[in-house]
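Written below as structure tokens is the structure these notes are about.
What follows draws every value from the coordinates through simple rules; no lab data is involved. Since the model is a prediction, treat every value here as computed from it, not as a measurement. All Cβ positions, glycine included, derive from the backbone under ideal geometry; neighbour counts span all protein chains shown.
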Amino acid sequence: MSSSGSQAKAETHERILQAALACFKRKGYNHTTMDDIVAESGLSKGTLYWHFESKDDLLTAVFTSTFEAFGEDAISDIIYHETATEKLRAMAQGAADFSESLLGYFSLFIEFWISSERREETSHIWYDLLEQYQRVLAAIIEEGIQNGEFRPVDAESLAWAFLAAYDGLAAYAEFVPDIDLQRISQTFVDTILDGLQSDAGKTKP
């Protein structure tokens, strides 16, 4: 396939994903039909089914691309920061931004996990992504311990707790009116870092 053909395929694929996401958000996963997505995308039903076999496949693709994009952005951003403290702040900022981007969608993912006959497959996708983020976070915390920024802690456990906190924020944002995710995230990471930083780390500029 030529580069232009590959680009056109990728653009069509993305167009379908965006149309599906719009329909899922508006009508919910269970009440959205493939015909709804065809109408939203402006493409033919044949084109839709050429890219995706079912509505399940579509939401799995939406789910995966959304979280993979977050992972790529968050992980690529930390290379621009030198200290473990700066890297942890960058990961927290990325997680807060991502939680905001999920407004209106988080309940959709919950609905899918509960109702899909492919829950086990989807759980594996989610776990693989979570494990990737957890390893990065644990490595940052271990780096801080090794260079004297952070006091010794269980980095593996703290990384899981960090991820759970932001999952909870994303969920709360669906139900708590006007929740200030950025302020809450800032308070959270400041508190975490205050507890993590060693006496030597706290004296560094």
FRET efficiency for Asp178 and Gln93, using Cβ-Cβ distance with R0 set to 25 Å, rounded to 0.05: 0.80
Rounded to the nearest 20 debye, what is the charge dipole size of region 1-52 about its Cα centre when +1 sits on each Lys and Arg Cβ and -1 on each Asp and Glu Cβ? 80 debye
Mind listing the phi-derived Karplus ³J(HN,Hα) values for region 24-38, rounded to whole Hz, using 6.51, -1.76 and 1.60 with θ = phi - 60°, and x for any glycine or proline? 4, 5, 6, 10, x, 4, 5, 8, 8, 10, 5, 5, 4, 5, 4
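If you rank Leu158, Leu137, Leu196 by fewest surrounding Cβ atoms within 10 Å, what's the result?
Leu158, Leu196, Leu137
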Please compute the net charge surrounding Tyr172, taking Lys and Arg as +1 and Asp and Glu as -1 over other residues with Cβ under 15 Å from its Cβ. -4
Non-local residues with an amide H under 5 Å from the amide H of Phe150, with H modelled 1.01 Å from N and Pro and chain starts lacking one, are Ile145, Ser198
Around Gln7 (Cβ within 13 Å, Cβ-to-Cβ, excluding Gln7; K/R +1, D/E -1) the net charge comes to 0
Can you give the Rg to Rh ratio of region 1-52, both from alpha-carbon atoms, with Rh computed by the Kirkwood formula? 1.03
